[in-house]
Amino acid sequence: MTTPSSRASPGSFPSIAFIGGGNMCSAIVGGLVRQGIPAERITVVEPFEAARQRLREQFDVRLLASASSALDGVAMVVWAIKPQAFHDAATAVAPYTPHALHLSVAAGIRTGSMAQWLGTEHIVRAMPNTPALVGSGMTGLFARAGVSDVQKLLVEQVIGATGQFLWVQREAHLDAVTALSGSGPAYVFYFLEAMAQAGADMGLSSDQAYQLAVATFVGASHLAAHSSEPSGVLRERVTSKGGTTHAALESMHASGVAAHFIAAMRAAEQRATELGDEFGG
């Protein structure tokens, strides 16, 4: 993580342009604005008027309907568009951003394809997740060899506005990041649904069961994040042999829950690889 002294101050923060004005753009822009970054340093290229109006009302940033010379001189371009739209958008943006650092949160597009389309090696690829929308995201980052340490610090400041991050040394590892944290919120919601349903089946109201399930996930995650002990030890401390937790875990073990869960994540990893082949090569 960066230290406060390594971060650009609000007054010296470089200009940044977002290609695409959807949820991830809003999450990052919102985080930057909360850091005190002036809205006039931020430009968003978004073709849909309704989306531009929403961004105008939320953040009062500079808005463009399409790429133009207004992008000349921006220090960073953040790609927050659908992967199938990346190639055409890159063709339109590249003439105006020859010296910019490019940060992509577009799923599936590999940096080799970006380098070819954008004509630069200054590219970082990110795999964020949806808790970024509330400032609690987890993002995996990979940088091409042409990215400098100073540029990495800028990326960290931008992504840090949405939560935590970590760097991986191989781009292929982003497929594992996708399977673990990128898709991970859906797994949590899946288990929340099951726990809440079980609670309701046992006589609690739906609201009570959901409140208990959510608070349990939040509390257990907070404990794991702040404990020096591994999750296995924390689990054992809740589990008395012959007790209620032991009964539940034995049932899960007999059903192969852990093995099925690991297999599901490997399926997500494989699909991430396939999407990379499909969209970026």
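Screening Ser228 on (1) surrounded by 10 or more Cβ atoms within 10 Å (Cβ to Cβ); (2) without any contact (Cβ under 8 Å) to a residue 60 or more places away in the chain; (3) of a type in the set (Ser, Thr, Tyr) shows it passes everything except condition (1). If you take the residues of the stretch 68-107 that are surrounded by 23 or more Cβ atoms within 10 Å (Cβ to Cβ) and of a type in the set (S, T, N, Q), which of them is farthest from Ala172 (Cα to Cα)? Among residues in the stretch 68-107 that are surrounded by 23 or more Cβ atoms within 10 Å (Cβ to Cβ) and of a type in the set (S, T, N, Q), the one farthest from Ala172 (Cα to Cα) is Thr97. Among the criteria (1) charged (D, E, K, R); (2) farther than 28 Å from Asp149 by Cα; (3) at pLDDT below 90, the one Arg7 does not fulfil is (2). Scanning the stretch 35-50 for residues that are in a helix (DSSP H, G or I) and either touching a helix residue (DSSP H, G or I) at 6+ places or on another chain (Cβ under 9 Å) or within 18 Å of Thr130 (Cβ to Cβ) (or both) yields a count of 2. Filtering Arg110, Arg56 for residues that are touching a residue at least 24 places away in the same chain (Cβ under 8 Å) and surrounded by 13 or more Cβ atoms within 10 Å (Cβ to Cβ) leaves a single hit, Arg110. Could you please let me know if Glu229 is outside any loop (DSSP other than H, G, I, E, B) and not assigned by TED's automatic domain parsing to the domain that holds Leu133? No; evaluated as a whole, the condition is false for this residue. Within the stretch 34-61, restricting attention to residues that are closer than 12 Å to Val158 by Cβ and of a type outside the set (D, E, K, R), the residue that is modelled with the highest pLDDT is Ile42. The residues listed here are Ala248, Ala259, Ala272; of these, the one that is surrounded by 10 or more Cβ atoms within 10 Å (Cβ to Cβ), at pLDDT 95 or above and either among the hydroxyl-bearing types (Ser, Thr, Tyr) or within 29 Å of Ala126 (Cα to Cα) (or both) is Ala259.
Consider the stretch 81-116 and keep the residues that are of a type in the set (Ser, Thr, Tyr) and farther than 13 Å from Cys25 by Cα. The one that is nearest to the chain's Cα centre (by Cα) is Thr111.
The values are calculated or read from the model by the stated rules, or taken from the named source; none is laboratory data. Since we're looking at a predicted model, the values are computed, not measured. Reconstructed Cβ throughout: ideal geometry from the backbone, glycine too, with neighbour counts over all protein chains shown.
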